[in-house]
1. Can you name every residue in the range B:145-161 that is part of a helix (DSSP H, G or I) and more than 20 Å from residue B:18 (Cα to Cα)?
2. Report whether or not residue A:623 is assigned by the TED database to the domain that holds residue A:736, of a type in the set (Val, Ile, Thr) and part of a helix (DSSP H, G or I).
3. With respect to residue A:360, is the statement that it is out of contact with any Lys or Arg (no Cβ under 7 Å at 6 or more places or on another chain), surrounded by fewer than 22 Cβ atoms within 10 Å (Cβ to Cβ) and away from every other protein chain (no Cβ under 14 Å) true?
4. Restricting attention to the range A:347-368, does a residue exist that is out of contact with any strand residue (DSSP E or B) (no Cβ under 6 Å at 6 or more places or on another chain), touching a residue at least 40 places away in the same chain (Cβ under 8 Å), over 19 Å from residue A:470 (Cβ atoms) and aromatic (Phe, Trp, Tyr)?
5. Any residue in the range A:415-431 that is surrounded by fewer than 16 Cβ atoms within 10 Å (Cβ to Cβ), of a type outside the set (Phe, Trp, Tyr) and either in the same structural domain as residue A:281 (by the TED database) or part of a loop (DSSP other than H, G, I, E, B) (or both)?
6. For the range B:168-178, which residues satisfy the criterion of being crowded, with 20+ Cβ neighbours inside 10 Å and either under 18 Å from residue B:145 (Cα atoms) or of a type in the set (Asp, Glu) (or both)?
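The values are calculated or read from the model by the stated rules, or taken from the named source; none is laboratory data. For clarity, every value in this text was computed on a predicted model and none was experimentally measured. Using ideal geometry, Cβ is built from the backbone for each residue, glycine included, and neighbour counts are taken over all protein chains shown.
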Amino acid sequence: MADLNSPQKLLRVPPPPEGVGGGRCSEISTELIRSLTELQELEAVYERLCGEEKVVERELDALLEQQNTIESKMITLHRMGPNLQLIEGDAKQLAGMITFTCNLAENVSSKVRQLDLAKNRLYQAIQRADDILDLKFCMDGVQTALRNEDYEQAAAHIHRYLCLDKSVIELSRQGKEGSMIDANLKLLQEAEQRLKAIVTEKFTIATKEGDLPQVERFFKIFPLLGLHEEGLSKFSEYLCKQVANKSEENLLLVLGTDMSDRRAAIIFADTFTLLFEGIARIVETHQPIVETYYGPGRLYTLIKYLQVECDRQVEKVVDKFIKQRNYHQQFRHVQNNLRNSATEKIEPRELDPILTEVTLMNARSELYLSFLRKRISSDFEVGDSMASEEVKQEHQKCLDKLLNNCLLSCTMQELIGLYITMEEYFMRETVNKAVALDTYEKGQLTSSMVDDVFYIVKKCIGRALSSSSIDCLCAMINLATTELESDFRDVLCNKLRMGFPATTLQDIQRGVTSAVNIMHSSLQQGKFDTKGFESTDEAKLSFLVTLNNVEICSENISTLKKTLESDCTKLFNQGIGGEQAQAKFDSCLSDLAAVSNKFRDLLQEGLTELNNTAIKPQVQPWINTFLSVSHNIEEEEFNDYEANDPWVQQFILNLEQQMAEFKASLSPVIYDNLTSLMTSFVAVELERVVLKSTFNRLGGLQFDKELRSLIAYLTTVTTWTIRDKFARLSQMATILNLERVTEILDYWGANSGPLTWRLTPAEVRQVLALRIDFRNEDIKRLRL
Amino acid sequence: MSMEDYDFLFKIVLIGNAGVGKTCLVRRFTQGLFPPGQGATIGVDFMIKTVEINGEKVKVSERLSDVLICGFTGKELQIWDTAGQERFRSITQSYYRSANALILTYDITCEESFRCLPEWLREIEQYASNKVITVLVGNKIDLAERREVSQQRAEEFSEAQDMYYLETSAKESDNVEKLFLDLACRLISEARQNTLVNSVSSPLPGEGKSISYLTCCNFN
């Protein structure tokens, strides 16, 4: 049993180098060994134990090797012992010295602190004595000043008294001379009340008499008595009265204006100008006084009072405007017209002056409001330079509220709201008129309506811009976009839809050419019948003019966008419209610019239509005649062809005649586009007929000549290179011109040089096969 | 703003009576803010937010077309927040036509704002494109105890008008993201469908393209 305990005991006791130690280190317990009965297991355990023993032995060896090093280290440590003792002694001495110095310093500074305190107390005592003396001085001063009616002096004394520390006064009252100070204080307070009463009374009298120097004199006294709010409110009352008087005079003048007067049409805008300029002048004149005597940040209060009067005057002016100009009736009339076309239409021209006037009125008020905003915020900025972010935001909010919610803003928003509807009507009706009165003058590419319509749109947007209201401008841009994109585009679209009329001759030719074209031409015919043109020529001209119109529209829209952009930078530089103004404007403008692309698309459709109805059916038979000219010819015929060209000269002549008609009546850009479409068609069709023909050597030479003349001609009529379009045909001509089949290898593959083959190997074989003098086997044998 | 910055550009216009919380919805979505004491909007406010629609949602719209390769990563939402007040009506109306979607908003605690909805629908009918997607939104569900318009009533109404309906709270940020992102997804899938339809009905030779275009949904 003692053996059972042995492992635990051994845990505590350091293991002897050999023997039982295995029981501790080994995972195999003695019990385990004892419980083993099989020889095999015993052997296995024995082997493991042997292994472990080897490991332990290795570890022991390693430890024994280190013995020397450890011993030498121990010797060094022993040597360091005495040195350490010396260091300890030094350190203790140093600590003692530091403690001593510290105490000394504490002692000295505490004395200095006491001295400091004494000095401060002394100062306070002197201050208090001064204050008490001041108090007495103020008391005496106020009395004298009041007696002499020197209110400024009296107010200065009161101000001094108000600035004194109240606790000091309280303390003084508790001192020996308490009763005397009490009496003084009472007198002072009485004087303060009296002065307030006097100033208020005198101010009122001065206000009534309109005595500006006196008004300003007392205005300056209010802040000294701590009556900032009251001073500003009383003063603005005086100013408001001035504004009201002036404004009433102006309004009377307006009502008396002769209708023939040069400015009669914008007299209400002028009245606004006078009103706002008057208020601006007042602000300008009195801002320095307010700033000097009331401190910065007070202008807001003054303007808040003034704005009330401004609103009152604006209301009167706008009332008169609405009445005299029949603004609301006009609006209702327009609204009825927009809703219900049956009612008698109001003549758009009649609206013109009133629309101009109302935008001018808005421009004036925007200018005035931005003036106020600038003045107030810069005043706040000075006053709030030390203030917290919250106070600043609070002030900003007050300012926004004042300017956004004032009656002037609301009234103008209302007027502009109605204006937009009327301007929309004006634009739409005038555009309709321009379309109805559309005329075309011979020699011109476009008809009158394009210029007219863009003049109108520009005028309407320009007028909206002149209102200085970004929302109004954006709304008009939106409405113009709608007008151009749907209504006006529809007009042009419908004209193009009538199609380019085909002539009877063409119809027959087309009928012969292909079944698709028969179907197509009958469709054309269907369109042709429904339209009301007198003659085909007129219908043709109308189509071409419309194409030109569409192109110019697309261009004009881009120009309009650019013009508006540059016009508006001025407005944005003034900071009108808030932070989003630019983004709003840009977004609306990009919608307008997108309409330009829609017109371009329309132009492409028109061109396709023209190409399909006028070019293709004409050109195709001309190309087909190529088939009737034999390219399987002898020397004699070749020479004869030289003298009497069988096909290409006539073809070129035909093309020239046909395109001449279009060149004269289409704009260069459209004509270019059309020729490009035409050349593409010629290239495709010519390839088709070539593949249907047969050639011999001389025939190939003949075709090469023909192709060269054709390309030379087409190069003269197009502005861009056409070589690319004819690349396949040129390569076909090269092939048809070969001496023998294998010669192709001189141009093919590694020998192709700068030439890029547009023909596939199969196509090359196909073209080679057109030469009747080439043997099929040779062609088949070719390795391409 | 160059056109290359985004794959799609959609214009969403918020309309509805004054004070129903249109500006707050937009602020919450674009800036994550709920400014207390928001003043009335003057004219229109304009905000842009570029959103990424995750891959899964794109897949849904991918299904609509095998022709389209989905090179789509993000898109831009232009949100126009209009003033509800009558005097700005002519300004706000001018934005209807170019809008891809309209969010018609009312206040669930204000019966009056709900009763005005038919009037707003008439405006939409008159001025908006016939392709416009309209969503009805009942805002201010954080004020549930003051609710005057029941959810059921609103749902019935929106169903009758064939509109999608959602209740939101700009204050608690409930359903705001969902509102705009769901709308974006629907706009994308419609745009893709349109492109598909357009490419299928490409003009037959000789016929010329049908000259009148769809006015909305042209994303160049």
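1. Listed by number, the residues that qualify are B:145, B:151, B:152, B:153, B:155, B:156, B:157, B:158, B:159, B:160.
2. Working: assigned by the TED database to the domain that holds residue A:736: no; of a type in the set (Val, Ile, Thr): yes; part of a helix (DSSP H, G or I): yes.
No, not satisfied.
3. Values: out of contact with any Lys or Arg (no Cβ under 7 Å at 6 or more places or on another chain): yes; surrounded by fewer than 22 Cβ atoms within 10 Å (Cβ to Cβ): yes; away from every other protein chain (no Cβ under 14 Å): yes.
Yes; evaluated as a whole, the condition is true for this residue.
4. no
5. Filtering the range A:415-431 down to residues surrounded by fewer than 16 Cβ atoms within 10 Å (Cβ to Cβ) leaves none.
Within the range A:415-431, none of the residues are surrounded by fewer than 16 Cβ atoms within 10 Å (Cβ to Cβ), of a type outside the set (Phe, Trp, Tyr) and either in the same structural domain as residue A:281 (by the TED database) or part of a loop (DSSP other than H, G, I, E, B) (or both).
6. Going residue by residue through the range B:168-178, those that are crowded, with 20+ Cβ neighbours inside 10 Å are B:168-170, B:176.
Scanning the range B:168-178 gives B:168, B:169, B:170.
Residue by residue, here is whether (1) touching a residue at least 60 places away in the same chain (Cβ under 8 Å); (2) under 38 Å from the mean Cα position of the chain (by Cα) holds:
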position: A:278; (1), (2): no, yes
position: A:281; (1), (2): no, yes
position: A:284; (1), (2): no, yes
position: A:288; (1), (2): no, no
position: A:293; (1), (2): yes, no
position: A:308; (1), (2): yes, yes
position: A:336; (1), (2): no, yes
position: A:343; (1), (2): no, no
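Here is a yes/no grid of residues against (1) within 14 Å of chain B (Cβ to nearest Cβ); (2) part of a helix (DSSP H, G or I):
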residue: A:609; (1), (2): yes, yes
residue: A:613; (1), (2): yes, yes
residue: A:619; (1), (2): no, yes
residue: A:633; (1), (2): no, no
residue: A:638; (1), (2): no, yes
residue: A:654; (1), (2): no, yes
residue: A:683; (1), (2): no, yes
residue: A:686; (1), (2): no, yes
